[in-house]
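The structure appears below as structure tokens.
Every number in this text was worked out from the coordinates using simple rules, so none of it is lab data. On a predicted model such as this, the values are computed, not experimentally measured, just so you know. Positions of Cβ are backbone-derived with ideal geometry, glycine not excepted, and every protein chain shown enters the neighbour counts.
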Amino acid sequence: MSRYSRSSNGARRTRCRCGRTVLRQLVGQRAALDVTADADELTAAAAAALREPNRLDWCLRKRADGPDLLWSSPSHRANCPHPHVIDHQCTAPAAGPPRTRTARTSSVAEGQLALV
Ligand SMILES: [Zn+2]
Ligand SMILES: [Zn+2]
């Protein structure tokens with residue numbers, strides 16, 4: 001139930017479960033992509049060199065209210081003075097189901113049993 005309530009675009013700097021700092025943002029107008037990109041800033045050319053069919057690079061703009069990721073097209077990259085970032089490739093092992101908070105109630109129950 002967490003809709004993105006922020007109306008303005010912008011990337012959130014967050015920490016991935018693999019420990020790296022990443023930028024997350026919904027990019028796009030019609031079909032927004034949930035982008036997770038490395039926070040490391042690259043030149044447009046360096047990011048283009050790392051680009052793969054399933055790994056896109058993004059133009060990083062620094063706005064007053066924080067970083068903002070933009071689509072990077074070939075014509076854009078040729079002459080871009082801004083830093084670019086590349087999709088994060090996570091090295092963390094595949095996640096199991098996230099721990100739910102209901103686990104806590106069971107540990108409380110165990111503690112009560114132990115006290116008896
Ligand atoms: Zn750019
Ligand atoms: Zn990761």
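A few notes on this one:
- Computed from backbone phi, the HN-Hα couplings of segment 71-77 come to 3, 10, 9, x, 5, 5, 5 Hz, rounded to whole numbers (Karplus: 6.51 cos²θ - 1.76 cosθ + 1.60, θ = phi - 60°; Gly and Pro given as x).
- Residues whose amide H falls under 5 Å from that of S72, counting only those 5 or more places apart or on a different chain, are C59, with hydrogens built in the peptide plane.
- For segment 12-94, the Cβ-based charge dipole about the Cα centre amounts to some 200 debye (Lys, Arg positive; Asp, Glu negative; other atoms uncharged).
- Put in line by how crowded their Cβ is, counting other Cβ atoms within 10 Å and starting with the fewest, T36, T43 read T43, T36.
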